[in-house]
Structures are given as C-alpha cells and as structure tokens.
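Trainee: Pasting in a structure now, in structure tokens, and then I'll have a few things to ask.
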Amino acid sequence: MSATEANHLRTGREHLGTVRLRVEMKMPTEATAIPVVRVQGVCHDFGSTRVLHDINLELFPGEIVLMTGPSGSGKTTLLTLIGALRSLQSGSIFVKNRELQGLSERERVEVRRGLGFIFQGHNLFESLTALQNVRLALELHSDDRQANTERAREILEAVGLGEHLHKKPEALSGGQRQRVAVARALAPRPSLVLADEPTAALDAQTGRQVIDLLKQLGKEQGTATVLVTHDNRILQAADRIINMVDGRLVSDIAVGESLEVCEFLSKVPAFSGYTPGALAEIAEHMQPQQFAAGDTIFRQGDEAQRFFIVWDGAVRIHNEDADQDLAVLEAGAFFGEVALLSGQPRNATAIVERSAVLLTLGKEDFEAGLSREKNFRDQLREIYYNRH
C-alpha cells in the first residue's frame with residue numbers, strides 16, 4: 001500500500017453514527033421505532049387512469065416529511081389515502097398498526113379522529129368563534145370543558161391569534177383562518193399530522209411558528225408530520241424529502257443523514273471541492289453492504305471495482321507481502337479510491353475486523369463522479385427539494 005493511500009485511510013470524521021439512509025437504499029440497522037405509517041404496494045386509479053404506482057413508504061415517530069412534486073403527481077391522493085379519507089383499492093396502509101384496507105366508513109372515521117388534518121380549505125364552522133372551532137376538535141377526545149378551553153386558548157396564542165379568540169371566521173383574514181385550522185389540527189396532540197400546503201397563506205413568521213409547533217409535537221410526543229408543500233421556506237425543518245412524479249415515489253431523502261454523507265464525500269480528495277449537486281448524485285449511487293467479522297472485502301492483487309466508506313464497524317487493511325497490518329479503519333474512514341484512480345491492482349487486503357456496514361460506490365459511478373463540476377457548500381436541501 002502506498003504512503004498516500006495509507007494516509008487517506010486514516011483521514012475522515014471520527015464517527016458518522018448508525019442511522020437509516022434513504023437515498024435509493026435502506027441501511028441494514030436494527031429497528032429503533034415502530035412506524036406510525038407503513039404503506040406497502042399501494043396503487044390507485046381514477047377511472048381508467050392510474051394515479052399511484054406501487055407506493056412503498058414508512059413514516060416514523062417525530063419525523064417531519066415534506067412531500068414534493070409537480071401538480072398532478074399524486075401527492076394529495078396519497079395523503080388522503082393515508083388519512084383514511086378515501087378507500088384503498090390495492091395494497092395496504094397501516095396507521096398506528098391498524099390496517100386501513102377493507103375498513104368501513106365508520107371505521108375510517110374512528111381512524112381519522114386520531115389524526116390531525118390541515119388542508120388549503122379551512123373548513124371552519126362559520127357560526128363558531130376561533131376558540132370554539134378549536135375546542136370542538138378537543139371535545140371529540142375529552143369532556144373536560146375547562147381543560148379543552150385552556151388548551152384551545154394556548155394553541156391559538158401559539159399561532160399568534162391570542163387577540164382574536166372570540167372572532168368568527170368572517171371577521172378574520174385568510175391567513176388568520178388558516179392559523180385557526182392549524183391550531184384545530186394540532187390541539188389534540190395527534191400522533192400523525194397530514195397537511196396540504198399548510199403555510200401557503202401564511203407570512204414567513206407565522207409559517208415558522210407553525211413549523212416550530214410541529215417540531216415541538218414531534219419532540220415531545222413523537223408526532224409524525226407529512227407536509228405536501230411547494231414552500232421552500234420550511235425546508236430547514238425537514239427530516240426527509242419525498243419526491244413524487246407521475247404517481248411514483250422517485251426519491252426519499254433523509255436530509256440530515258444525506259447531508260452527512262455529502263459533507264464526508266467532500267473531504268475525500270478525489271471529490272474535494274465538488275458542488276452539492278455533484279455530491280448528491282454521487283451519494284445516491286452509493287449502496288450499503290453488510291459484512292460479518294472475518295469477511296474479506298477484497299484481496300491484494302485484485303482488480304479495483306469499488307470505493308468504500310466505513311459507516312459502522314471496523315475494517316483491517318493488511319499487506320500480505322510484508323505480513324503487516326497497515327491500518328484498522330473505524331466508522332467515518334474511507335478506502336479503495338487510490339487503486340481506482342491509478343488503475344493498478346489492490347496493493348493490500350481488506351478484512352472485516354468487526355461486523356461492519358460499508359457504503360460502496362462502483363467503479364463506473366466513481367469514474368462518472370470524477371467528471372462532475374467543482375465547489376461545495378450549503379444548497380443541498382434545495383437540490384433535493386427541486387429534484388424532479
């Protein structure tokens with residue numbers, strides 16, 4: 001092994017952690033949470049037109065998931081199916097471990113009572129005040145009038161309507177009515193919130209307040225939130241960004257984790273200085289592979305076929321000619337790029353020291369990545385958001 005490669009082996013972040021990646025792949029990690037929603041093989045037709053094609057998706061407690069895509073891509077249809085607002089035609093959807101397939105309308109109403117809905121149409125009762133509209137949602141869950149009134153007041157104040165508690169919808173602006181609808185959805189502290197353009201009618205400050213409330217619910221009680229949105233002001237709140245095109249889920253990006261991978265790739269000398277777009281495309285081609293202790297990843301003299309990042313576990317690099325270990329690589333280290341760059345055979349053997357998960361990039365994708373443009377930093381979320 002060359003001095004350059006040995007030095008490269010020792011570079012990298014100390015620890016990337018063990019997390020789920022959803023960049024065209026799922027990391028093989030132990031389940032740490034039961035999904036709030038599990039969508040399996042869902043298709044849906046309107047007449048002879050198929051609007052959803054084999055959708056598979058999981059939503060976990062505490063996540064804020066943005067669902068993006070062009071108009072007519074199936075976002076709202078999927079949202080209404082998850083929310084038990086329409087019947088499933090094929091496939092299955094589990095909401096809080098309850099299968100929605102085959103439920104009667106009465107049973108779907110029971111499911112909906114445990115969810116929070118925010119739609120573009122406010123659907124407020126015109127004869128009731130803001131306070132009464134929110135309290136009515138709470139009365140579906142509790143008969144404690146005083147507690148319901150206090151909670152309704154609290155949540156309305158949180159969205160900036162403390163001075164408008166006793167106004168009816170006709171006396172409120174469009175943005176204020178939307179805030180009442182948001183407060184009504186969040187007041188019962190639901191385990192799942194489904195929102196269709198919830199911040200479109202709101203100014204930046206109020207939109208931020210709404211997102212902060214959703215994040216607070218996620219942190220305090222594990223509420224999962226799905227937002228169909230074109231509002232790029234709320235990108236910073238997203239844990240994942242799902243992109244729908246022509247009824248298909250074309251990408252499912254765990255933003256924070258993908259950002260970590262791209263930031264790490266930017267520290268690999270071969271990709272130093274690349275733009276977020278170039279790094280994001282390289283990251284999407286990386287695949288996880290799981291290895292047991294003692295497995296040989298490649299042998300000295302093998303033709304170089306892949307580049308590797310150690311995501312979890314440890315890998316030992318051994319020079320067989322000298323019968324000497326050159327390095328033990330922990331999570332965050334990378335290896336294998338020098339042989340790919342030089343075209344020479346592997347000059348050491350890589351053996352799994354401790355059960356490991358590696359992110360791997362094939363030779364063709366590695367070489368394609370080398371042709372990407374350069375210069376890297378902060379627009380990664382926007383790139384994922386705008387990808388169609």
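All of the numbers you see were taken from the coordinates with simple rules; none came from a lab. A quick note: this is a predicted structure, and the numbers were derived from the prediction, not measured. Note that each Cβ is placed from the backbone with ideal geometry, even for glycine, and that neighbours are counted across all protein chains shown.
Trainee: Estimate the FRET efficiency between Arg98 and Asp302 by the formula 1/(1 + (r/R0)^6), using the beta-carbon distance for r and 51 Å for R0, to the nearest 0.05.
Mentor: My answer for the efficiency is 0.50.
Trainee: In degrees from 0 to 90, rounded to the nearest 10, what is the angle of the helix 204-221 Cα long axis to the longest principal axis of the chain?
Mentor: Rounded to the nearest ten degrees, it is 80.
Trainee: I want the local charge near Arg112. Using Cβ-Cβ distances under 14 Å, sum +1 for each Lys or Arg and -1 for each Asp or Glu among the other residues.
Mentor: Net charge around Arg112: +4.
Trainee: Now for a different question. Highest mean first, how do 215-222, 246-253 rank when packing is the count of other Cβ atoms within 10 Å averaged over residues?
Mentor: By packing density, highest mean first, the sequence is 246-253, 215-222.
Trainee: What angle do you read, to the nearest 10 degrees and between 0 and 90, between the alpha-carbon axis of helix 145-158 and the longest principal axis of the chain?
Mentor: The angle comes out at about 60 degrees.
Trainee: Which value, in debye to the nearest 20, describes the size of the charge dipole of the stretch 37-255 about its Cα centre when Lys and Arg Cβ atoms bear +1, Asp and Glu Cβ atoms bear -1, and nothing else is charged?
Mentor: Value, rounded to 20: 140 debye.
Trainee: Taking 7 Å along the Cα-to-C-beta vector as the label spot, tell me the His166-Ser71 distance in nanometres, rounded to one decimal.
Mentor: In this crude label model, His166 to Ser71 measures out at 4.3 nm.
Trainee: In addition: Quick one: helix 174-186 against the long Cα principal axis of the chain, what's the angle to the nearest 10°, folded into 0 to 90?
Mentor: Helix 174-186 sits at roughly 70 degrees to that axis.
Trainee: Among residues other than Gln178 whose Cβ falls under 11 Å from its Cβ, what is the net charge (Lys/Arg +1, Asp/Glu -1)?
Mentor: Net of charged neighbours comes to +1.
Trainee: Follow-up. For the stretch 274-289 and the stretch 93-122, what is the centre-to-centre distance using only Cα atoms, to the nearest Å?
Mentor: Here the answer is 37 Å between Cα centres.
Trainee: With the alpha-carbon atoms as the only input, what is the per residue convex hull volume for the stretch 37-255 in Å³?
Mentor: Output value, Cα hull per residue: 124 Å³.
Trainee: Here's another thing I want to ask about it. How big is the stretch 218-298 by Rg and Dmax over its Cα atoms, in Å?
Mentor: Gyration radius and largest Cα-Cα distance of the stretch 218-298: 16.6, 49 Å.
Trainee: At a Förster radius of 30 Å, what calculated FRET efficiency corresponds to the Cβ-Cβ distance of Glu263 and Lys219, to the nearest 0.05?
Mentor: 0.80
Trainee: Any idea what the alpha-carbon Rg over 2.2 N^0.38 Å comes to for the chain?
Mentor: Cα-based Rg divided by the globular estimate yields 1.18.
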